[in-house]
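The structure under discussion appears below in the form of structure tokens.
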Amino acid sequence: MEEELKCPVCGSLFREPIILPCSHNVCLPCARTIAVQTPESEQHLPPLLHSRGPAPPAAAAAPGATAGSAACLDSECAAGGGGDHADKLSLHSETDSGYGSYTPSLKSPNGVRVLPLVPAPPGAAAAPRGAGPASSSLTCPQCHRSASLDQRGLRGFQRNRLLEAIVQRYQQGRAAAAAAAKCQLCDRSPPEPAAVLCEQCEVLYCAACQLRCHPARGPFAKHRLAPPPAHPGAPGGGGDGGGGKGAGGGRKLPTCAEHDLENYSMYCVSCRSPVCYQCLEEGKHSKHDVKALGAMWKQHKAQLSQALNGVSDKAKEAKEFLVQLKNLLQQIQVTCDALVDALTRQKAKLLTKVTKEREHKLKVVWDQINHCTLKLRQSTGLMEYCLEVIKENDPSGFLQISDALIKRVQVSQEQWVKGALEPKVSAEFDLTLDSEPLLQSIHQLDFIQMKCRVPPVPLLQLEKCCTRNNSVTLAWRMPPLSHNPVEGYILELDDGDGGQFREVYVGKETLCTIDGLHFNSTYNARVKAFNSSGVGPYSKTVILQTSDVAWFTFDPSSAHRDIVLSNDNQTATCNSYDDRVVLGTAAFSKGVHYWELHVDRYDNHPDPAFGIARINVVKDMMLGKDDKAWAMYVDNNRSWFMHCNSHTNRTEGGVSKGATVGVLLDLNKHNLTFYINGQQQGPPAFENIEGVFMPALSLNRNVQVTLHTGLEVPQSVKQSKLPNN
């Protein structure tokens, strides 16, 4: 709460806080330092373009001052008066005041510049003749909105007595808590009172122990030392607040700022401020909407309590989220520790095996070296001895030893058998896997790939799922704190009749709309995610119901260019004397559907045609002349059914201005029926029709027709409508 009780200018606890028009608070002494007074003749000029006049040599900027700071002084340096005019401040540059140097500006914690008051010199010149009255203004240091001061100056702003009382209680509580807090490192009994709290170490220190155990250097240089925390039982420290008094509990009632002898008793709703009876009788609030002060107090308290409940709920969610994050930290630590332990154990096993293999091979190689060296030395000695024997010229002596010598040489030669001069071991390790692939595998280790698993179950966002006509829209998202990567989603939909699911979308989007479904049908939908590791589980199944009846308009994108649509694409006319075709925006393949077309204008007895068609119907001739349309064309006396330019079932009764033509498409019975002014026109026009059909109309410039959709099926054919359509 302490941050709420600090002035945004000086950064200290509020002193005599006042309420600015923007609802922010500022200390009264700080308000005096940031108020700006500008002569009337200069208030419309930019700050840096105000006329200064020639500056005397003594008015030069102090050494080290920049041009920016000099310009700042011209608009911000203050010279304050005294007495009753202390709230009306005049600010001058060093040129205006005659001073050649200035006191450096201060800065508050939020970066607002605060310039110290500079008293005007005793012999300051009066304002030039002709200069208008000064207009004072104050800029809020938080939202930077400017507020003009009237003749009352800063006294025109209301004093925030409630905030002042809370600051007073808080200071008392903090002082009591600081007196109660004891140093945690003192050897004395009892310990000394704590002077500071290290927020990083979470230890209370007295002044002596802080200097001895927690110097402001080395690793402690970046630690933040704060005042001791408020004691739970102290006022303002989380307890009862002890020092505060309730309304009417002995605290002096505030008096009206304009009428010192009157207490506030009413609340002006228009001005949003408390007023007294004298303000209502004589002041500007006489014609304003006012209410009882106590009633508005209770009402605003209830509103604040309700708003606090919302904030409290969010704070509760934030605490639960923090607990979840802390648990996640623990899970991450446990997972990483388990992984490190497993790697360490496996490393120890592999190192043991490698060490044993190395020692064994080194021993074998050294034994082979020693053996080979010994044999080589023996063979060399035998060879040298034989050479000396051969050099002798005594035949009888030679023959005495030659047989035995030849046998020794032969035995020595036989000892160098095949493989004797080959290493008994290789440099490679005789492990269960080849060392080269092992090294490659070690270099290619990727923790992301090692941790990658199939994605979790997607969550359907039911608040975003909806149906419109014969289309459905589905939305989903991944659960929070899900770290497994997702490469895409697979959306599946059944056939609207309890059949098998089929894939209708595969991609990365989390929102999908499926068009062209059956009307008055129930569809089941589900979604799953996939990545390089595989496909995750299905989400819950959502049930979607398409509209019972179709709502549609004429389709401007597929209409002939001579067709003119208006009334939100529900009214059609034509620019040509030839017949032109326009289709509806809906497509039907199942169920029973009925719509009507009202004849708004009918001149010179034309032959408009009404019916259904495929999407690729020919659009520059009468509907029904090709094999892609089924229609009834009608004049003012009679009608005909037409398909593939074949005219059938001439029926008496035509249309005129104001007539209504109804079209009934029954795809359960696979037939098409027409109505004029509510009466069936002839027998069912066409039978055994199957496929996908769109409402269609052809007309010329002598006819204007308005489409009406979303209608109930005529009572005479309702029995043909199946319940699951």
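Considering only the range 466-512, how many residues are basic (Lys, Arg) and modelled with pLDDT under 90?
Total satisfying the criteria: 1.
Looking at (1) outside the structural domain of Val705 (by TED's automatic domain parsing); (2) closer than 25 Å to Gln680 by Cα, which is the one condition that is false for Tyr594?
(1)
Mind checking which strands (runs of 3 or more DSSP E) fall wholly inside the range 644-702 and carry at least 1 residues that are assigned by TED's automatic domain parsing to the domain that holds Asn604 and in contact (Cβ under 8 Å) with a residue 60 or more places away in the chain?
Because the criterion is at least 1 residues that are assigned by TED's automatic domain parsing to the domain that holds Asn604 and in contact (Cβ under 8 Å) with a residue 60 or more places away in the chain, the strands (runs of 3 or more DSSP E) in the range 644-702 that meet it are 660-666, 671-676, 694-699.
What strands (runs of 3 or more DSSP E) lie completely within the range 552-616 and have 2 or more residues being closer than 16 Å to His708 by Cβ and aliphatic (A, V, I, L, M)?
Strands (runs of 3 or more DSSP E) meeting the threshold: 592-602.
One line per residue, one yes/no per condition, for (1) over 14 Å from Ser471 (Cα atoms); (2) in contact with a strand residue (DSSP E or B) (Cβ under 8 Å, 6 or more places away or on another chain):
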residue	(1), (2)
Val504	no, yes
Lys508	yes, yes
Leu511	no, yes
Ala529	yes, yes
Gly536	yes, yes
Arg580	yes, yes
Phe588	no, yes
Val599	yes, yes
Asn616	yes, no
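Within the range 338-366, track down each residue that is of a type in the set (Ser, Thr, Tyr) and within 30 Å of Leu421 (Cβ to Cβ).
Thr355
Looking only at the range 597-631, which residues are within 16 Å of Ala586 (Cα to Cα) and surrounded by 19 or more Cβ atoms within 10 Å (Cβ to Cβ)?
Leu597, Phe610, Gly611, Ile612, Ala613, Val617, Ala629
What do you reckon, is Ile448 at pLDDT 85 or above and either not assigned by TED's automatic domain parsing to the domain that holds Ala587 or not small (Gly, Ala, Ser) (or both)?
Taking the combined requirement at face value, the residue does not satisfy it.
Mind counting the residues in the range 391-409 that are surrounded by fewer than 10 Cβ atoms within 10 Å (Cβ to Cβ) and either part of a helix (DSSP H, G or I) or among the small types (Gly, Ala, Ser) (or both)?
6
What are the residues in the range 463-514 that are part of a loop (DSSP other than H, G, I, E, B) and under 18 Å from the mean Cα position of the chain (by Cα), if any?
Result: Met478, Pro479, Pro480, Leu481, Ser482, His483, Glu509, Thr510.
Between a first residue in the range 607-629 that is polar (S, T, N, Q) and a second residue that is in a loop (DSSP other than H, G, I, E, B) and surrounded by fewer than 23 Cβ atoms within 10 Å (Cβ to Cβ), which pairs have beta carbons less than 9 Å apart while being 6 or more apart in sequence or on different chains?
Final answer for the pair search is Asn616/Lys628.
Starting from residues that are among the charged types (D, E, K, R) and surrounded by 17 or more Cβ atoms within 10 Å (Cβ to Cβ), keep the ones in the range 543-565 and report whichever is farthest from His518 (Cα to Cα).
It comes out as Asp562.
Given the criterion polar (S, T, N, Q) and closer than 25 Å to Ala587 by Cα, identify the matching residue among Asn649, Asn637, Asn688, Asn702.
Asn688
Scan the range 628-635 and tell me whether some residue there is among the β-branched types (Val, Ile, Thr) and part of a strand (DSSP E or B).
yes
Show the residue pairs that are 6+ apart or on different chains and have beta-carbon atoms under 7 Å apart, the first residue being within the range 151-162 and over 11 Å from Ile19 (Cβ atoms), the second being among the basic types (Lys, Arg) and surrounded by 15 or more Cβ atoms within 10 Å (Cβ to Cβ).
Gly153/Lys88; Leu154/Arg32
Conditions first: (1) part of a loop (DSSP other than H, G, I, E, B); (2) at pLDDT below 80. Gln200 passes all but one, so which condition is the exception?
Here Gln200 meets the rest and fails (2).
The values are calculated or read from the model by the stated rules, or taken from the named source; none is laboratory data. All of these numbers come straight from a predicted model, not from anything done at the bench. FYI the Cβ positions are ideal-geometry reconstructions off the backbone, even for glycines, and counts take in every protein chain you see.
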